[in-house]
Amino acid sequence: MDFLDKLVLPQSAEHIELLHYILVLVLALFVPFISVVFGGAFASLQYGKKYKKTNNPYYKKLSKDVIEYVTVNNSVGVILGIVPLLTAMLIFAQLLHKTQIQTVGYIALSIVFIIVALFMIYTYRYSMMVSTVFDSVNPDSIKDKDAEDDYKKLKASSSYLKIKYGKSGLVFLFIGLWFYVAAITSAANFTNWDFPGFITALAAPKVLLNLLIFITFAFTLTNGAILFIHLYWNESKKDEDPEYTKFVKDIASRAGLKASVSLPFLILINLFSFSNTTLSGSVFVYTVVCIVLIFLAYHLFYMIQFKNDYRFSSFIFFVLIFASIAFIIKDQKAMTNATEIHSLTLSTEYDKILADLKGEGTVAALSGKEIYDVRCASCHRFEQKLVGPAHFDVLPKYVGNEPKLVAFIRNPVKVDPAFPPMPNPGLKPQEAEAVAKYLLDEFAKRK
């Protein structure tokens, strides 16, 4: 995505941190909505098939109700389904600037497929509404022959759109979500992402695991949404047909309970798939919060299904929403940890540009050795371990990548658990560059 790289502006460390918070916010809007659209479209099509097999009118009604529940209206589809993803793409382009990882490309493809999918799914929704109107009309009551022919043509066309656009929209949405999951997975595993192939990376075990988690979560959240809307939001209507209400309650609570059973196990596998450099206390905390909320959802599904306690329908949807947000934050914390060095590199470049603009870049050349002797020599040696590791043991990974070394010197992070964390030396950008150049020159002389 070279054209996006040209739009990227240098960012300070504070702005990069702010971008991570904004990313959490936009994904917290996008993920729950697109999850219930996917789960609702799948459920609507399945209930439509069951209606044809059983001729039970409740399945037909539920098929129509579900797709209307989850899609809300066209404006919501754009605001929650497209705008957040476009924003996320721009943020990823900023955070992963000058990297070779495919995250931004995956997000861009995801946007294309999701736009097409939403168009088809909303067409499916409205064609289903039109089909319901046609089904309520008795053809024998139409006296005009031409009007009867037009009625039959429109009814056939509506049925065609309902079937074709529903299935096609679901397929396109699945592909779009696959690309989205690949994007999030590659970003969260930034430091150890070793799948250079753009397409082959889609079949990476971590991507497939996260895709399975996403789909399972989508089905669970969809059934929670059905219970919330039908039993609580539309509470005044639930008494109009008690049999239908019981039918919806039984199906949604049972399906939600089944869908959520494997989620804690899958989330734990996801947690332990992260590398040591990616894991942190906050990643564990948000994982635990997510799992606890899922167990709470188990209890709520159980109370609704077996105890017929409809009061819990007002809680279950929001419990699952917060569980999905906890999972999103967990992934973003992992991404923040994984991209920490890269973010420091970007912020260092920003500081350098800012110093040049202020005229601070024209000062006399600094002596890297003098700065090193004053700030670093008390804890480090080139050929032996002291407080920190020997320089010659760690410098090879910085050969040809001086900005990364500069970023580490200015904002050290703990890498080797055998040594204590390095304190921040408090160097200016030019001083850190001078020290980095000195270290790399000494390493080159050794060779």
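Using the Cβ-Cβ distance between VAL413 and VAL112 with R0 set to 35 Å, the FRET efficiency works out to roughly 0.45.
Expected output is a single nm value to one decimal: the length gained when fully extending between VAL285 and ASN56, i.e. 0.36 nm times separation in residues minus the C-alpha distance. What is it?
Values: separation 229, 0.36 × 229 = 82.44 nm, distance 4.62 nm.
Here the answer is 77.8 nm.
Taking the square roots of 5 times each eigenvalue of the Cα gyration tensor of the range 2-338, largest first, gives ellipsoid semi-axes of 39, 25, 15 Å.
When the chain is treated as a GNM with alpha-carbon contacts under 10 Å, the residue of MET120, MET89, MET129 showing the greatest mean-square fluctuation is MET129.
Here the Gaussian network model covers the chain, with springs between Cα atoms less than 10 Å apart; of PHE119, PHE301, PHE382, PHE382 fluctuates the most. What distance in nm separates the simple spin-label points at GLU442 and ARG381, each placed 7 Å from Cα in the Cβ direction? Modelled inter-label distance: 1.2 nm.
Is it possible to state the helix-based mean residue ellipticity at 222 nm for the chain, with each DSSP H run of 4+ residues giving -39500 (n - 2.57), the sum divided by total residues, to the nearest 500 deg cm²/dmol? What is it?
Working: 18 runs with 326 residues, N = 447.
Rounded to the nearest 500, the figure is -24500 deg cm²/dmol.
Among VAL292, VAL104, ALA255, pick out the residue whose Cα is farthest towards the positive end of the charge dipole of the chain, where Lys and Arg carry +1 and Asp and Glu carry -1 on C-beta, about the Cα centre. So the residue furthest toward the plus end is ALA255. Taking the Cα centre of the range 342-446 as reference, the dipole from Cβ charges on Lys and Arg (+1) and Asp and Glu (-1) amounts to some 200 debye.
Pairs of Lys residues in the range 182-263 that lie 8 or more places apart, or on two chains, and have C-alpha atoms under 20 angstrom apart add up to 6.
Filter the GluC sites (Glu not before Pro) in the range 201-280 down to the DSSP loop ones having no more than 12 other Cβ atoms within 10 Å, then list what survives. If you can, show how the numbers build up before the last one.
On the way: sites: GLU235, GLU240, GLU243; in loops: GLU240.
Taking the range 201-280 and a limit of 12 other Cβ atoms within 10 Å, the loop GluC sites (Glu not before Pro) found are GLU240.
May I ask you to compute the full-extension gain from THR200 to SER75, defined as 0.36 nm times their residue separation minus their alpha-carbon distance, rounded to one decimal in nm? If you can, show how the numbers build up before the last one.
Working: separation 125, 0.36 × 125 = 45.00 nm, distance 3.54 nm.
That works out to 41.5 nm of additional length.
For LYS369 and ILE163, what is the calculated FRET efficiency with R₀ set at 56 Å and r taken between the beta-carbons, to the nearest 0.05? Given R0 = 56 Å and the Cβ-Cβ separation, E is 0.15.
Calculated on the alpha-carbon coordinates, the convex hull of the range 342-446 measures out at 100 cubic angstrom per residue. Projecting the Cα positions of PHE317, TYR165, SER280 onto the charge dipole of the chain (unit charges on Cβ atoms of Lys, Arg, Asp and Glu, taken about the Cα centre) puts TYR165 furthest along the positive direction.
The slack between VAL83 and ASP250, meaning 0.36 nm per residue of separation minus the straight C-alpha distance, is 56.6 nm.
Residue exposure proxy: ASP441, ASP194, ordered by other Cβ atoms within 10 angstrom of their Cβ from fewest to most, comes out as ASP194, ASP441. Rounded to the nearest 20, the size of the Cβ-charge dipole of the chain about its Cα centre is 1180 debye, with Lys and Arg at +1 and Asp and Glu at -1. Helices that extend 30 Å or more along their long axis by alpha-carbon positions and average at least -0.5 on the Kyte-Doolittle scale are, among the DSSP H runs of the chain, 13-54, 103-135, 145-188, 205-227, 281-306, 313-338.
We did not get these values from a lab; they are worked out from the coordinates using the rules stated. Just so it is clear, the structure is predicted and the values come from calculations on it, not from any experiment. In this analysis, Cβ positions are derived from the backbone assuming ideal geometry, glycine residues included, and neighbour counts consider all displayed protein chains.
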